[in-house]
Every structure is written in C-alpha cells, then in structure tokens.
C-alpha cells in the first residue's frame, strides 16, 4: 500500500478495464468483473491487488503469491496459483507501467502563481500554470499550459517551456527552448556555458558560447544533471530521451530520439548520438564522435572512437563486446598460468 500522504490513488478498476488499459488479454477463466484496488509487488500483493511477473527469477514468488491478479507472459501462465486472475501480455512490465499510471496518474494537483514567487510582468503564462513559492520567472519567459514550476526554480530571460511540463525544485534554465511533456527533476542545470577555452601560456581564453539547449517533446531529465548550451550550434536533446541523475552533456552534443543515458554518464562536446542509443552508468564518451542508431555502451566504458549502428561496446577503451570478453579470457588464462608457475 502506497503512502497516501504522497500518492493519490484512482480506481478501483475491473480486470476487464485493466486488460484494456495494459493492452493485454484476460487469461482463461479469469473473471472480467473482479475488482482491483491497487498495484503491489508479488510478495506483498493481496486479494484486491494486481502484480506482474517479468523475470523468470521470480517464478517461485509468483507461484506463492496471494495477489488477486497478475500480469504475466502467456508462457508462464501455467505457473499461476489457483484462483489468481491473469492478464496475458507479451510485455508484462510495459503493461504493468500502463496500469500503474491508471492507478496513479501524474497530474498536477493545483494551479496558480504563489504570492511568494517572482514573475516578471513580461513573462507569458499559459492556462492552469502552477508556480510555487520561491520560483523566479524572468523577463520574456514563456510557459505553456498546465506546466508546473516547483519551488526555487529559476527560468532566466527568454526561456521557453512548453505545455504539460514539470520543472523541479532548484532547477535552473537559461538559453533553453523546452518542448511539451518534459520532466526536469530537482537541481538540474540546463543552458549554462559550455566548457570552451583557447588554451595557451598566455592564459586560457574563454570562447563565447552562443548556442542554446533545445529539448524536444517527451523528455525526462534526472536530478542534478547538467546540459551545457551550444557554442554556436545548439545542444539538442531528441524526442523521447530518458536521462538519469548526475549526467553531464557538453556543448554541441546532439541526442537522437529515444536515447537512454544512465546515471553518471558523461558526453564530451560535439558528439552525436543517433536514435535509441543506450549508455550504461558511468560510461564516458569523448568529443566529436558519432554513435550509430541502436548502439549500446556498457557501464563504465570509455568510448574513444565512433561506434557503428547496432553495436554493443564494453571496456576502456571500449571495444565490441565479443572482443572485450575474448581479451578478458586471455588475461584470465595468463593470470592462471603465471600463478601456477
């Protein structure tokens, strides 16, 4: 059971409704009118809860669960306890996410401008905007309908934020154009100077950073992530990207659609990621590279050369995954040989 101080639950729903929401089908013998009031993990779910099974490691927990219903792949339906209602899906985790959204919709619960916020008279605010205490909205800012600006966020001059966005507490936005349905979590800094200098014995001369950060629709950016504005061309975050906490994206970087960057990834300037690239935690990508569509970069990898589309690379310096594991095998064999000498 979720904490009602923080989460407001919708419902209840029938299993027929949940199957439609999740894009699944009711299992044989599952009562369509069974009432479900909440979502819960397998080990904790009760007779009025729905859970899910997406990993075969948890089949034993599924078999022992007292959940009233479960979302499961058809291949594992025969493992269900007697009396458990089933929603069959080829993608149980995705179906669960859709159903959980139905129970806990992400909607803004209030609107209006706090008297303790500072909003410049030249700012343009859409309908049902919420601006919390301590937020600072500077001159010529534009904010779209139903967007929430949380406490102590700062939107500097000229920033544009689209509709249905969430800008978390202590976020700073400057030199940025943000699309619709963008979530930016607390402490993120977006649009600050890129790290550009002419280095030399006379001192390091700063190069003016004259671009923007352009964030397309349906992007999520984690807490304390930093995205530098471009030096001339823009830094671009493509539609549907998911960026975790504590990620650094340098000036002129371009992310294609649907890229996923896990915590502590760092991308150096002018590197371009094509659509649906995935970078594991703490991986680093040097500057001026091209990472092909669908490429996967393993955690803690150091990428120092272009990566072709669809390739998985691991290690530092990063190499194709098969080559990496061959190298590991050789090192292990050498270590055993040396240890046995």
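Which count do you get for residues in the stretch 197-219 that are farther than 19 Å from residue 240 by Cα, surrounded by fewer than 18 Cβ atoms within 10 Å (Cβ to Cβ) and touching a residue at least 40 places away in the same chain (Cβ under 8 Å)?
Qualifying residue count for the region: 0.
With the condition kept exactly as written, say whether any residue in the stretch 16-27 is over 17 Å from residue 103 (Cβ atoms), surrounded by fewer than 14 Cβ atoms within 10 Å (Cβ to Cβ) and at pLDDT 95 or above.
no
Could you check the stretch 182-195 and list, in sequence order, the residues that are under 21 Å from residue 145 (Cα atoms), surrounded by 19 or more Cβ atoms within 10 Å (Cβ to Cβ) and out of contact with any strand residue (DSSP E or B) (no Cβ under 6 Å at 6 or more places or on another chain)?
The answer is 185, and nothing else.
Out of 100, 95, report the one residue that is in contact (Cβ under 8 Å) with a residue 60 or more places away in the chain, touching a strand residue (DSSP E or B) at 6+ places or on another chain (Cβ under 6 Å), surrounded by fewer than 20 Cβ atoms within 10 Å (Cβ to Cβ) and under 19 Å from residue 45 (Cα atoms).
One residue alone meets the criteria, 100.
Per-residue answers, yes or no, for (1) modelled with pLDDT of 95 or more; (2) within 22 Å of residue 130 (Cα to Cα); (3) out of contact with any helix residue (DSSP H, G or I) (no Cβ under 6 Å at 6 or more places or on another chain):
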{"residue": "165", "(1), (2), (3)": "yes, yes, yes"}
{"residue": "177", "(1), (2), (3)": "yes, yes, yes"}
{"residue": "211", "(1), (2), (3)": "yes, no, yes"}
{"residue": "218", "(1), (2), (3)": "yes, yes, yes"}
{"residue": "225", "(1), (2), (3)": "yes, no, yes"}
{"residue": "232", "(1), (2), (3)": "no, no, yes"}
{"residue": "241", "(1), (2), (3)": "yes, no, yes"}
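Looking at this structure, is residue 111 touching a residue at least 24 places away in the same chain (Cβ under 8 Å), surrounded by fewer than 16 Cβ atoms within 10 Å (Cβ to Cβ) and touching a strand residue (DSSP E or B) at 6+ places or on another chain (Cβ under 7 Å)?
Yes: the conditions hold for residue 111.
State which residue is farthest from residue 142 (Cα to Cα) when the search covers only the stretch 157-176 and only residues that are in a strand (DSSP E or B) and over 18 Å from the mean Cα position of the chain (by Cα).
Here the answer is 172.
The values are calculated or read from the model by the stated rules, or taken from the named source; none is laboratory data. The model shown is predicted, which means the values in this text are computed figures rather than measured ones. Quick reminder, even Gly has a Cβ in these numbers, built from the backbone with ideal geometry, and neighbours come from all protein chains shown.
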